[in-house]
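These notes are about the structure you will find just below.
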Amino acid sequence: MHQIIYLQPDAPNKPAWGDACNGCGVCCLAEPCPLGQLVSGRRRGACDALRWDAEHARYRCGVVADPQGIWPRLPAPAVPLARRLALRWIGAGGGCDADLVPLA
Ligand code: SF4
Ligand code: SF4
């Protein structure tokens, strides 16, 4: 199945499956993960929580990078816990688990 996604011109190329995540954004632009489905309220299309980090030229998960940007009513003391839970939920640090093949 083919799907058109729009990437930032400076986004890094997607690494191979299992290699370290480089924030290419391909997976989150293709479809939201389970946490992203909660945030976005849908199971298809780009995740609403995805954020472009222009300074570092990579995408970041907004739930991890800025939980209050996603949930403005989240109390400040709960931010570290929200980050920790999000990191665990999205499987951060486990390498790229997206078997998508981007075509230019
Ligand atoms: S998990 Fe893979 S596809 Fe998703 S942002 Fe990281 S490197 Fe890109
Ligand atoms: S990792 Fe974050 S930005 Fe990516 S789909 Fe999941 S919730 Fe959305």
Next item on the list: Starting from the Cα of Trp71, move 7 Å in the Cα-to-Cβ direction to define the label point; list residues of segment 25-53 whose amide nitrogen is under 17 Å from there.
Entry: 33-42, 48-50
Checklist line | Solvent-accessible area per residue for the chain (1.4 angstrom probe, square angstrom) | finding: 70 Å²
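Once neighbouring chains are kept in place and the probe is 1.4 Å, which whole percent of the accessible area of the chain is contributed by carbon and sulfur?
Values: 4120 of 7330 Å².
In the chain, the share of accessible area belonging to carbon and sulfur is 56 percent.
Determine the relative contact order of the chain: mean sequence separation of Cα pairs under 8 Å and six or more apart, normalised by residue count, in whole percent. Kindly include the intermediate steps, with their values, before the conclusion.
On the way: 142 pairs, mean separation 29.3, N = 104.
Relative CO of the chain lands at 28 percent.
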Margin query: Angle check, please: helix 79-89 long axis (alpha carbons) against the longest principal axis of the chain (alpha carbons), in degrees 0 to 90, nearest 10.
Written below: 40 degrees
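Going by average Cβ density within 10 Å per residue, which order do the peptides 14-20, 28-34 take, highest to lowest?
Numbers: 14-20: 12.0, 28-34: 19.3.
Top to bottom by mean Cβ count within 10 Å: 28-34, 14-20.
The values are calculated or read from the model by the stated rules, or taken from the named source; none is laboratory data. These figures come from a predicted structure and were not determined experimentally. Neighbour counts are summed over all protein chains in view; Cβ atoms, including those assigned to glycine, are modelled from backbone coordinates with ideal geometry. For the accessible areas, the whole protein counts, side chains as well, though only heavy atoms, and no ligand, DNA or RNA atoms are used. Shrake-Rupley method; radii C 1.70, N 1.55, O 1.52, S 1.80 Å.
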